[in-house]
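> This structure is in structure tokens; I'll ask about it shortly.
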Amino acid sequence: MVEKEDHHVNRRNVLRKAGVGIAGSSVLLSTAGSAQAKEDASENATEYEFTEEEKDAVVAELNRIARREIRKEVYDDRVVTPSWPSWIPGVPTGLPFNWCVNIPLGDEFCAIANNPVTQMPLSCGNVNFTGRRVGMTFGYGPSVHIDDGEVEGDIQYQIGFNAMINEANGCFYLELISTGQNACVVTECPDMPDPREVSVRELAQALYDLSYSFAEDLYDAAGMSPPEVLLVLTAIGIAVAFATMAATPPIPGAIP
């Protein structure tokens, strides 16, 4: 059964300005532009808190997007299929997660994401900042599975990377770490819609589209040409990580 969706929930009712008495973090949702240029421009941005409840609403939409995109890749459009095949688990709802998808007549996908560490000095490329980071490892191939915290099996594609958020301006970064040396593959702030004018569904779709582009850049930097279903699953994993990090309050006593 497909859950009923609300197309009319305005984003202003989901993301509220910081300091309105709701528990959460103060992560900015920045507009498009150079991450370096925005490093000192946070005073011109609109600051919002992103709570756990708000994250859950976005993740529920990401779950719907994952169902739609995976069905398109696995099934012939002429075949009538269930709304959500039982072999496809729901997307992770937060961090950490161990997530595996076994695709009929195809390969398996498994993802591991560790807890995000907040409020620590980070760098990506030539940009140094204080932010949040979560390490992720994705594997794809025959009989891929998770064993003792590791992706194991006959792995055809495997990638390890860090997903990071800059506390000062809300910029997202991806750092490839599975090639023997760290490589910053995302250096631009996300081109997100105005959060005051879009619905939760529109925001989740924009986050998925952004994460899909990130996934393409990530595999391109690693010299891989993965199948479409792997790009879809990678994009969902990245989107859930960013949504969860944005809703994670800074750890008390961590580096300011």
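> As an exercise: evaluate Asn182 against (1) within 23 Å of Gly94 (Cα to Cα); (2) open to solvent by 30 Å² or more (accessible area, probe 1.4 Å) and give the number of the one condition it does not meet.
(1)
> Check whether at least one residue in the range 123-135 is of a type in the set (Gly, Ala, Ser) and under 19 Å from Thr244 (Cβ atoms), and report yes or no.
Initially, the range 123-135 is screened for residues of a type in the set (Gly, Ala, Ser), giving 123, 125, 131, 135.
Filter once more, so that each one left must be under 19 Å from Thr244 (Cβ atoms): 131, 135.
Among the residues of the range 123-135, at least one is of a type in the set (Gly, Ala, Ser) and under 19 Å from Thr244 (Cβ atoms), which makes the answer yes.
> Tell me, which residue of the range 66-106 that is farther than 26 Å from Arg133 by Cα and open to solvent by less than 30 Å² (accessible area, probe 1.4 Å) is modelled with the highest pLDDT?
Glu69
> Condition first: open to solvent by less than 40 Å² (accessible area, probe 1.4 Å), more than 18 Å from Asn115 (Cβ to Cβ), touching a strand residue (DSSP E or B) at 6+ places or on another chain (Cβ under 8 Å) and in contact (Cβ under 8 Å) with a residue 40 or more places away in the chain. Can you find one or more residues in the range 145-154 that meet it?
no
> Given the residues Val127, Val134, Val198, which is the only one that is open to solvent by less than 30 Å² (accessible area, probe 1.4 Å) and within 14 Å of Ala111 (Cα to Cα)?
Among Val127, Val134, Val198, only Val134 is open to solvent by less than 30 Å² (accessible area, probe 1.4 Å) and within 14 Å of Ala111 (Cα to Cα).
> Then there's this: Quick one: is Asn162 within 25 Å of Ala183 (Cβ to Cβ), at pLDDT 80 or above, within 15 Å of the chain's Cα centre (by Cα) and in a loop (DSSP other than H, G, I, E, B)?
no
Per-residue answers, yes or no, for (1) more than 11 Å from the chain's Cα centre (by Cα); (2) surrounded by fewer than 20 Cβ atoms within 10 Å (Cβ to Cβ); (3) at pLDDT 90 or above; (4) more than 19 Å from Phe109 (Cβ to Cβ):
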{"site": "Gln158", "(1), (2), (3), (4)": "yes, yes, yes, no"}
{"site": "Thr187", "(1), (2), (3), (4)": "yes, yes, no, yes"}
{"site": "Pro190", "(1), (2), (3), (4)": "yes, no, no, yes"}
{"site": "Gln205", "(1), (2), (3), (4)": "yes, yes, yes, yes"}
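The values are calculated or read from the model by the stated rules, or taken from the named source; none is laboratory data. All figures in this text were calculated on a predicted structure; none of them were measured in a lab. Ideal geometry is used to build each Cβ from the backbone, glycine not excepted, and the neighbour counts take in all protein chains shown. Keep in mind that these areas ignore ligands, DNA and RNA; they rest on the heavy atoms of the full protein, side chains included. Shrake-Rupley method; radii C 1.70, N 1.55, O 1.52, S 1.80 Å.
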